[in-house]
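Engineer: Questions regarding the structure given below will be posed in turn.
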Amino acid sequence: MSPVVAEQPHEERVKAVLDGFRSATGRDPDGVWEAAGRVNLIGEHTDYNDGFVMPFALTRSALVAASRRQDDRVQVTSLDLGERTSTGLDEFSPFDSPGAPARVWSDYLVGCLWALQEAGHQIGGLDLVMASSVPVGAGLSSSAAIECATVAAACDLFELDISPIDRAKIARHAENAYVGAPTGLLDQAASTLCTEGHALFMDCRSLETRQVPLDLPAAGLEILVLDTRTPHSHVDGEYAARRAACDRASELLGVEALRDVTDLEGALAAVGAGVSGQEGEELIRRVRHVVTEDERVLQVVSLAEQGRFRDLAPLLDASHASMRDDFEITVPTVDLAVETARQAGALGARMTGGGFGGCVIALCEAGEGERIGASVAEAFAEASFGEPTWFTVVPAAGARRVR
Ligand code: ADP
Ligand code: MG
């Protein structure tokens, strides 16, 4: 039993996308750009409460080979899907435009060019050929990876002077307004701004960021990422319900967002006084998750800055318990994965991402992650859950030119 998701060496991946570009266009690309998928180390459901998040970039990434074209067309090829689309620069159709066709995968890339144009930048026709090693739909941001690599390519090829955070905003605008998927800035910021050996601390109110050292290999550590492959059922409705609960609590407490709560016990008492019965108890738990999760992010930043990476483990465990018991966004597969990983020797573990399925991360001694993943797979088989997939990661670089 070993659905470990192996990854080709980077050089081979670059060569494959170069070869793919040549066979798609008959010439060499002007360059190759890369942008990573990401995993959130800690800080879940804190983003829309103006709080703190802490993603890091994966070595799993999208590679985009690109060249300018003489004409005004954008031709996009996915080597993974074996599909190609072609759009004129005057044929852009955001998802809500009259007569817009159904969304397809290439809209994530085409949308970035649209978003650049919308922001007033001069662009021209492009050939884009991409291949990605970010698992799709696992909550590891395969969409941001292809967007951010595309934005990086366009910025270099059209000599656009756009700061990293503004590049991330352009990619998010593409996903929100062109593809029609409402997402926050976390994914694109991580994919663009992360640096090797660091996590990215981001204040979701000010959008200030800070690189926090997370050189896990130097500390003899690695992180296991295990995709439970649980379908995210009811996730939209549950997500909306959590957001509504947070808004209601903020209003009750007279704060702009739950990030502004400074006295947790006082806030919980006030919520209890304002809403009675079971409803009040539930709201208390929701508030407790968000406020303590923000605190945990700040503690993780402080410990990591002191190089105390092993001490992050209890905070990962506490984050999971808070998501399970207070915010109630975990599901049985996710809880079993976390428990089994801990029993099998992980130092700490938690669900990562919005919840109701998706991935679990576990902080492990270097070289232990794959074995721990196999233990979780055994437990899944015993519980008659589906087969998970897993791989190990260390914090990698964000968007950059590689050729
Ligand atoms: P994720 O959590 O992986 O970001 P999303 O639903 O946001 O999930 O984005 C996944 C979508 O991104 C896919 O359905 C597809 O349209 C597009 N995508 C991602 N990777 C690729 C790829 N390698 N080739 C083509 N499309 C891709
Ligand atoms: Mg996505």
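The values are calculated or read from the model by the stated rules, or taken from the named source; none is laboratory data. Quick caveat, the model's predicted, so the values are computed rather than measured. With ideal geometry, Cβ positions are generated from the backbone for all residues, glycine too; neighbour counts draw on all protein chains shown.
Engineer: Report yes if E328 is among the acidic types (D, E), in a helix (DSSP H, G or I) and at pLDDT 95 or above, otherwise no.
Structural biologist: no
Engineer: I've got another one for you. For the stretch 127-155, which positions are surrounded by fewer than 24 Cβ atoms within 10 Å (Cβ to Cβ) and under 20 Å from T25 (Cα atoms)?
Structural biologist: D127, A131
Engineer: Please find, within the stretch 64-75, the residue that is farthest from Q299 (Cα to Cα) out of those that are within 16 Å of ligand 1 (Cβ to nearest atom) and out of contact with any Ser or Thr (no Cβ under 7 Å at 6 or more places or on another chain).
Structural biologist: Residue satisfying both the conditions and the ranking: A66.
Engineer: Looking for something under 18 Å from V129 (Cα atoms) and assigned to a helix (DSSP H, G or I) - is there at least one such residue anywhere in the stretch 32-48?
Structural biologist: Within the stretch 32-48, none of the residues are under 18 Å from V129 (Cα atoms) and assigned to a helix (DSSP H, G or I).
Engineer: What are the residue pairs meeting all of these: first residue in the stretch 198-217, first residue free of Cβ contacts under 8 Å to residues at least 24 places away in the same chain and in a loop (DSSP other than H, G, I, E, B), second residue of a type in the set (F, W, Y) and crowded, with 22+ Cβ neighbours inside 10 Å, Cβ atoms under 9 Å, and 6 or more apart or on different chains?
Structural biologist: Cβ pairs passing all conditions: E208/F201.
Engineer: Keeping to the stretch 95-126, report how many residues are more than 30 Å from I223 (Cβ to Cβ), surrounded by fewer than 22 Cβ atoms within 10 Å (Cβ to Cβ) and not small (G, A, S).
Structural biologist: Summing the residues that are more than 30 Å from I223 (Cβ to Cβ), surrounded by fewer than 22 Cβ atoms within 10 Å (Cβ to Cβ) and not small (G, A, S) in the stretch 95-126 gives 11.
Engineer: Another one. Determine whether D127 is among the acidic types (D, E), away from ligand 1 (no atom under 11 Å from the Cβ) and touching a residue at least 40 places away in the same chain (Cβ under 8 Å).
Structural biologist: Yes: the conditions hold for D127.
Engineer: Here is a list of conditions, (1) in contact with a strand residue (DSSP E or B) (Cβ under 9 Å, 6 or more places away or on another chain); (2) closer than 30 Å to F327 by Cβ; (3) not small (G, A, S), and L89 meets all of them except one; can you say which number that is?
Structural biologist: Of (1) in contact with a strand residue (DSSP E or B) (Cβ under 9 Å, 6 or more places away or on another chain); (2) closer than 30 Å to F327 by Cβ; (3) not small (G, A, S), only one is false for L89: (2).
Engineer: If you go through the stretch 74-92, how many residues are surrounded by fewer than 17 Cβ atoms within 10 Å (Cβ to Cβ) and of a type in the set (S, T, N, Q)?
Structural biologist: Of the residues in that region, 2 qualify.
Engineer: Identify all residues within the stretch 145-183 that are touching a strand residue (DSSP E or B) at 6+ places or on another chain (Cβ under 6 Å) and within 13 Å of ligand 2 (Cβ to nearest atom); write none if there are none.
Structural biologist: A145, I146, C148
Engineer: Continuing with the same structure: Just one of A131, A115, A119 is more than 13 Å from ligand 2 (Cβ to nearest atom), under 16 Å from V64 (Cβ atoms), of a type outside the set (S, T, Y) and out of contact with any Leu (no Cβ under 7 Å at 6 or more places or on another chain); which is it?
Structural biologist: The unique qualifying residue is A115.
Engineer: Would you please list the contacts, defined by Cβ atoms under 6 Å and residues six or more apart or on different chains, that run from a residue in the stretch 308-321 that is in contact (Cβ under 8 Å) with a residue 40 or more places away in the chain to a residue that is surrounded by fewer than 20 Cβ atoms within 10 Å (Cβ to Cβ) and part of a helix (DSSP H, G or I)?
Structural biologist: F309/A219; L312/L303; L315/Q299
Engineer: Has the stretch 70-78 got any residue that is more than 23 Å from G355 (Cα to Cα) and in contact with a Phe, Trp or Tyr (Cβ under 7 Å, 6 or more places away or on another chain)?
Structural biologist: yes
Engineer: For the list (1) surrounded by fewer than 17 Cβ atoms within 10 Å (Cβ to Cβ); (2) within 12 Å of ligand 2 (Cβ to nearest atom); (3) basic (K, R), I need the number of the one condition that R205 fails.
Structural biologist: Condition not satisfied by R205: (2).
Engineer: Looking at E159, E208, E222, which is the one that is of a type in the set (D, E) and either closer than 23 Å to G31 by Cα or within 12 Å of ligand 1 (Cβ to nearest atom) (or both)?
Structural biologist: Within the list E159, E208, E222, the selection yields E159.
Engineer: Please indicate, with yes or no, whether at least one residue in the stretch 92-105 is in contact (Cβ under 8 Å) with a residue 24 or more places away in the chain, under 30 Å from A396 (Cα atoms) and within 13 Å of ligand 2 (Cβ to nearest atom).
Structural biologist: Yes, the stretch 92-105 contains at least one residue that is in contact (Cβ under 8 Å) with a residue 24 or more places away in the chain, under 30 Å from A396 (Cα atoms) and within 13 Å of ligand 2 (Cβ to nearest atom).
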